[in-house]
Amino acid sequence: MSETSPSGPVAVCPVEALPEGEVVRYDGPGVGAPISVFHVDGELYAIDDTCTHARESLADGWVEDCAVECPRHASAFDLRTGEPSGPPAVRPVRTHRVEVADGQVVVHVGTPRG
Ligand code: FES
């Protein structure tokens with residue numbers, strides 16, 4: 001799989017498939033690397049799914065205080081900025097702008113969350 005992601009909007013799921021407190025992992029057409037979309041406190045947050053430390057899936061992590069804790073070594077990534085809380089991960093994950101359009105959760109791959 002390529003590490004580079006194409007840019008552009010990608011419909012990842014119907015909005016009703018992503019209720020509050022849930023996450024959807026998307027690895028389909030239009031993205032070069034898996035993306036996860038989290039629904040936290042009424043907001044949607046899209047980030048790269050793969051932990052920058054040792055490639056764990058962040059969709060399997062725990063969410064608290066608008067951050068997802070990696071299930072392998074417990075670095076927590078801020079869903080708003082992608083920044084890790086501390087080691088062992090030192091590099092941020094990418095964030096992506098996300099919106100709801102025509103009943104779909106749409107991720108603008110390559111456009112950082114504003
Ligand atoms: S794999 Fe995520 S912190 Fe190590």
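Assorted remarks:
- For the stretch 49-70, a residue qualifies if it is under 19 Å from residue 27 (Cα atoms), of a type outside the set (S, T, N, Q) and part of a loop (DSSP other than H, G, I, E, B), and the qualifying residues are 49, 51, 54, 55, 56, 61, 70.
- Among the residues making up the stretch 74-114, a single one is under 18 Å from residue 25 (Cα atoms), open to solvent by 70 Å² or more (accessible area, probe 1.4 Å) and within 16 Å of the ligand (Cβ to nearest atom): 94.
- Filtering the stretch 47-73 to residues that are of a type in the set (Val, Ile, Thr), touching a Leu at 6+ places or on another chain (Cβ under 8 Å) and open to solvent by less than 40 Å² (accessible area, probe 1.4 Å) leaves 47, 50, 68.
- Sub-8 Å Cβ pairs linking a first residue in the stretch 78-107 that is farther than 23 Å from residue 53 by Cα and part of a loop (DSSP other than H, G, I, E, B) to a second residue that is more than 13 Å from the ligand (Cβ to nearest atom) and at pLDDT 95 or above, at least 6 apart or interchain, are 103/14; 103/15; 103/16, ordered by first then second residue.
- Against the test of being in contact with a helix residue (DSSP H, G or I) (Cβ under 8 Å, 6 or more places away or on another chain) and among the hydrophobic types (A, V, I, L, M, F, W, C), the options 35, 47 yield a single qualifying residue, 47.
- Residues satisfying the criterion are present in the stretch 31-42 (criterion: more than 16 Å from the ligand (Cβ to nearest atom), open to solvent by 60 Å² or more (accessible area, probe 1.4 Å) and at pLDDT 95 or above).
The values are calculated or read from the model by the stated rules, or taken from the named source; none is laboratory data. These numbers come from a predicted model, not from an experiment. Note: ideal-geometry Cβ built from the backbone for every residue, glycine included; neighbour counts use all protein chains shown. Quick note on the areas: whole protein, heavy atoms, side chains included, nothing else; ligands and nucleic acids left out. Shrake-Rupley method; radii C 1.70, N 1.55, O 1.52, S 1.80 Å.
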